[in-house]
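S.K.: Can you keep this structure in mind? I'll have questions shortly.
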Amino acid sequence: MEIPKQYTPLGTEDKWYKRWMDSGCFKSQPDNREPFTIVIPPPNVTGVLHMGHMLNNTIQDVLIRRARMQGKNACWVPGTDHASIATEAKVVNKLRSEGIEKSSLTREQFLDHAWQWKEKHGGIILDQLKKLGASCDWDRTKFTMDPDMSEAVIDVFIDLHKKGLVYRGVRMINWDPSAQTALSDEEVIFKETPSKLYYIKYFIEDSSESITIATTRPETILGDTAICVHPEDERYAHLVGKNVFVPLVNRAIPIIADEYVDREFGTGALKVTPAHDVNDYMLGIKFNLPVIDVIASNGTMSNAAQLYIGQDRFAVRKQIVKDLETSNNLVKSEDIINKVGHSERTDSVIEPRLSLQWFVKMGEMAKPALDAVNNGSVKLHPAKFVNTYKHWMENVKDWCISRQLWWGQQIPAWYDGQGDFVVAKTEQEAIAAFSEKGKSFSTGQLKQDEDVLDTWFSSWLWPISVFDPQFVNKPKSEWNEDLRYYYPTHDLVTAPEILFFWVARMIMAGIEYTGEVPFSNVYLTGIVRDKLGRKMSKSLGNSPDPIDLIHKYGADGVRMGMLLTSPAGNDLPFDESLCEQGRNFNNKIWNAFRLLSGWEVADIEQPESSKQAIHWFGERLKEEVKNVEELFQKYRISEALMGLYKLTWDDFCAWYLEAIKPAYQQPIDRKTLNETKAYFEELLKLLHPFTPFITEEIWHFLSERTPGSYLMMDAQPKVSSFDSQVIQEFEQVRNVVAAVRNFRNEKGISPKETLDLICGSRTQQNLLPFTAVLEKLGNLSPLNYVSEKPQGSFQLMVGNDEFFLPANETMDLEAEKEKLEKELTYTRGFLDSVLKKLQNERFMANAKKEVVDSEKQKESDAIQKIQALENQLMLLNEMN
RNA sequence: GGGAGUUUAGCUCAGCUGGUUCAGAGCAUCUGCCUUACAAGCAGAGGGUCACUGGUUCGAACCCAGUAACUCCCACCA
């Protein structure tokens, strides 16, 4: 069979994914093994895979595959999120493109469309994850609006309401006029926006005086109900208590004084519009000011504005400035940059708006969630996010959970039409609840709350509800088997952007409903950026299509590309060359496989060099197994990968295979081949979590496998002790080989020409264990040892070992001398610094014994080296 | 406005409780090689005042203070 020189992932990856699926490799059921659980951060149901997902899910798959191979019962639960506002916006747009306005539809009609949209587009993203190799238990796929998942959300709402943690109230909330819904504080993004600050004169009642205020939002003056100045501001002291007229409408409003006002800003006088600004609202409450709501929910002026009714707020802003100029109220305007809140989803400018909404009290729930992170029950990786988390949890505000949308869980509150309501799961229960209050209603008389719940109000239950949606108010003994077995989950992998939206709230819900934190480790990924440092996004068009990348480099190549340079919490500056590097690596493994599959086996004696190489690589492999284990425990996944990359490419391919490689068309001895295959298999196991497809492919080629057995189900190499001395000794041999090769390079000696390397006598024992390897890889004749430098030879110092190589007649004495002198100067300086320490009483008194000992060793090493160098230099001088 | 973080080779990053055999890795670069596993490769090499300034110490990339630049988070400045 001819094996191609280049590995082609294309058909191979689909083949293995299908076989894994068909064999049920991804499935998990509770059993007596230790569980290892990850729940996927559910992507938006109608979303498309982007680079952020690629990074995130690659990491999850690495963790879950490794755990599975460590004998744990690994369960990765996939699913999607209904993403109420994002999905509803998409459906609205789609309908609009068909000439249908949402407002012309009933709730039921709209939801029909939304579900159709979900059926059509939902699941695309999950299929894309399969291309990546994600080993999710697909039988467990959940959707946050599955009937049972939604029921859990409603149960929690009702329960929290009962506990007094959910309440309804009038608050200043963030209003998105284009989506026509309230948003939580977290969904508002403040952007620096060039604006104009308008100075507007208000005339004072019964006076010829006026007072000038500064505002960026002149359209709201129609809702002004006061002017506020600082109580100690002498400029205005005499005006406090008087009335002024609101321009254009000539309504009289008072001048009040409060310390909130910043005397330095603008004119030091502030217009107060309680309906349209959070601070003004607070002032309004304090001074008992009326609230005039001049902007309607769709962003146009309301009837209460009296003027410009029905016109858009931004058009009115322009118009009112003109009109104020005409009416002689406009003093001036200046350009400023201010921060304007935008909707995360629709990007429209947020309108602070007073409205009746539902909230979750955060204070009590935040405390244990904060403790959980402080005491390490939940570990954040990297730990720097602990500070951010703390800060947020200590200053958390109540969470506005009602959304004026249709796509989502409708709030289970029932209104009697006379200002009273009850919270109940069904209309029947609501009627019953009212009757307890002495009010009697029959079916159809109550009206359910029109609003739905914030998406995060369902996803905060995700780690619980994916296993048992009927967990509310049940003791652990009544949980179903899945929840008891898989919960709490082990790792959560997500973006820092949703640390507060989601992670913090899951911790709260977990503690509230299970008494346990929902996961023990949170791996926070960075943001995937382009070469210019911009976040990859659809709107910028700077993101490659992940599926294209997979076609080009293979899923294995892309997975490596995602992980090669992305320590936890660090942004990933993505470049396709990373995937190329991954692909190249896979090709390297492929060719290692080609090499050993091409050998003919014979029952011949095992060469000494092979014995030595096997000995060394065995230790080196054990060292790396330990290293990888430690790195995983610290969630330093890219470093673990890099360790294996070097182990495979450098140690295994470049050194080990070269050392055991038989001469051209010569057979290999059976023992060496078997050892080599065993080592290769260990490497494949270690690499499998990172590059599952190619490793599975080669593993099956490497030996006969019993049907139905897979590398992905095999066991990871176990950590064991190793002999670090052997590794060090081999390292020195490597350095000697490199020095010889460099010598050849410099002197233009072909690698094919065998050289006579002569060792200084004291180096003999250092090299002894690996002499055969040294001779083979350096292409050297059998080593000789001497105590004196042979005439007319080059000297090589490798560490403290001294070597000589025969010189041809064109030896450049001056260059050699220069090199030696350079090294001599360095070594003398080094010795000086060592001596300085050893002669320093305070060093000798304070430093640890190991440090002192190592310094003494350094001293004697350096002295010997200097002697050797001086000796050399002397000989060279004699030759002159 | 408050808080956190970062600054080490051209790029992306390691450097744990201070000890000059710790200044590292990968990629990129340069040189030489189409050597019968792999040019998606092989062999070698070069490259850094560890942001800056002071301090502590026998000794500082590492500890302290200040400066500068950048990043992120939170916040109601009209």
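S.K.: Please give me, ordered by residue number, the chymotrypsin sites (Phe, Trp or Tyr not before Pro) of the range A:583-632 that lie in loop per DSSP and have at most 15 other Cβ atoms within 10 Å.
M.R.: Answer by residue number: there is no such site.
S.K.: Follow-up question, since we're still on this one. Which residue, A:MET365, A:CYS400, A:GLN470, has the largest displacement toward the positive end of the dipole of the range A:343-472 when charges sit on each Cβ (Lys, Arg +1; Asp, Glu -1)?
M.R.: About the Cα centre, the residue reaching furthest to the positive side is A:MET365.
S.K.: Which value, in debye to the nearest 20, describes the size of the charge dipole of the range A:723-770 about its Cα centre when Lys and Arg Cβ atoms bear +1, Asp and Glu Cβ atoms bear -1, and nothing else is charged?
M.R.: Here the range A:723-770 has a charge dipole of around 200 debye.
S.K.: Starting from the amide H of A:HIS342, placed 1.01 Å from N in the peptide plane, find each other amide H under 5 Å away whose residue is 5 or more places distant or on another chain.
M.R.: Result for A:HIS342 returns A:ILE189, A:PHE190, A:LYS191, A:ILE350.
S.K.: Using θ = phi - 60° and the Karplus relation 6.51 cos²θ - 1.76 cosθ + 1.60, list the HN-Hα couplings for the range A:555-562 in order, rounded to whole Hz, with x at every Gly or Pro.
M.R.: Karplus values, whole Hz, x for Gly and Pro: 4, 4, x, 5, 4, 5, x, 5.
S.K.: Calculate one ³J(HN,Hα) per residue across the range A:71-84 by plugging θ = phi - 60° into the Karplus curve 6.51 cos²θ - 1.76 cosθ + 1.60, and present them in order as whole Hz with x for glycine and proline.
M.R.: x, 8, 7, 8, 9, 10, 8, x, x, 9, 10, 6, 6, 3
S.K.: By how many degrees, 0 to 90 and rounded to 10, does the Cα axis of helix A:849-879 deviate from the longest principal axis of chain A?
M.R.: For helix A:849-879, the angle is close to 50 degrees.
S.K.: Once amide H atoms are built 1.01 Å from N in the peptide plane, which residues 5 or more positions from A:THR37, or in another chain, come under 5 Å H to H?
M.R.: Result for A:THR37 returns A:CYS75, A:HIS490, A:ASP491.
S.K.: For chain A, just the Cα atoms, rotate onto the principal axes and tell me the three extents in Å, largest first.
M.R.: Reported extents, whole Å, longest axis first: 115, 69, 56.
S.K.: A further question on this structure: Could you sort the peptides A:232-245, A:48-61 by per-residue average Cβ neighbour count (10 Å cutoff), highest mean leading?
M.R.: Going by the mean number of other Cβ atoms within 10 Å, highest first, we get A:48-61, A:232-245.
S.K.: I've got another one for you. Could you tell me the accessible area of A:LYS286 in Å² (1.4 Å probe, neighbours in place), rounded to the nearest ten?
M.R.: Accessible area of A:LYS286: about 140 Å².
S.K.: Here's something else I'd like to know. Give me the distance between the Cα centres of the range A:844-859 and the range A:110-164, rounded to whole Å.
M.R.: 64
S.K.: Also: Among the lysines, which have Cα under 25 Å from the Cα of A:LYS634 when same-chain residues fewer than 8 positions away are ignored?
M.R.: A:LYS72, A:LYS379, A:LYS384, A:LYS390, A:LYS622, A:LYS626, A:LYS646, A:LYS685, A:LYS718
S.K.: Charges at C-beta only: +1 for Lys and Arg, -1 for Asp and Glu. How large is the resulting dipole of chain A about its Cα centre, in Debye rounded to 20?
M.R.: Roughly 460 debye for chain A.
S.K.: Among DSSP beta bridges whose residues both lie in chain A, state the antiparallel percentage, nearest 5.
M.R.: Looking only at bridges with both residues in chain A, the antiparallel portion is about 70 percent.
S.K.: Could you pull out every residue, at least 5 positions away or on a different chain, whose amide H is within less than 5 Å of the one on A:MET362? Hs are placed 1.01 Å off N in the peptide plane, and Pro or chain starts have none.
M.R.: A:ASP398, A:TRP399
S.K.: Something else: Cα axis of helix A:670-687 to longest principal axis of chain A: angle in degrees, 0 to 90, nearest 10?
M.R.: Approximately 20 degrees, to the nearest ten.
S.K.: A further question on this structure: Within the range A:659-730, list the GluC sites (Glu not before Pro) lying in a DSSP loop whose Cβ has at most 16 other Cβ atoms in a 10 Å radius.
M.R.: A:GLU704
S.K.: Give me the percent of accessible area attributable to carbon and sulfur for chain A, probe 1.4 angstrom.
M.R.: Percent of accessible area from carbon and sulfur atoms in chain A: 49.
S.K.: Apply the Karplus parameterisation 6.51 cos²θ - 1.76 cosθ + 1.60, with θ equal to phi minus 60°, to every residue of the range A:504-519 and state each ³J(HN,Hα) to the nearest whole Hz, in sequence, with x for glycine and proline.
M.R.: Going residue by residue, I get 4, 6, 5, 4, 4, 5, x, 5, 4, 9, 10, x, 10, 5, x, 7 Hz, with x marking Gly and Pro.
S.K.: Could you sort A:GLU629, A:GLU259, A:GLU497 by their accessible area in this structure, using a 1.4 Å probe and putting the largest first?
M.R.: Sorted by accessible area, descending: A:GLU259, A:GLU497, A:GLU629.
S.K.: Hey, what angle do you get for helix A:363-374 against the long axis of chain A, alpha-carbon based, 0 to 90 degrees rounded to 10?
M.R.: 10
S.K.: Do the sum for chain A: with -39,500 (n - 2.57) for every DSSP H run of n ≥ 4, divided by all residues, what is the mean residue ellipticity at 222 nm, to the nearest 500 deg cm²/dmol?
M.R.: -13500 deg cm²/dmol
S.K.: A follow-up question, please. Please give me, ordered by residue number, the GluC sites (Glu not before Pro) of the range A:516-624 that lie in loop per DSSP and have at most 12 other Cβ atoms within 10 Å.
M.R.: Within the range A:516-624, the qualifying GluC sites (Glu not before Pro) (loop, at most 12 other Cβ atoms within 10 Å) are A:GLU600, A:GLU605.
The values are calculated or read from the model by the stated rules, or taken from the named source; none is laboratory data. Everything quoted here is computed from the prediction, not taken from an experiment. Neighbour counts are summed over all protein chains in view; Cβ atoms, including those assigned to glycine, are modelled from backbone coordinates with ideal geometry. Just the protein is used for accessible areas: all its heavy atoms, side chains included, with ligands, DNA and RNA removed. Shrake-Rupley method; radii C 1.70, N 1.55, O 1.52, S 1.80 Å.
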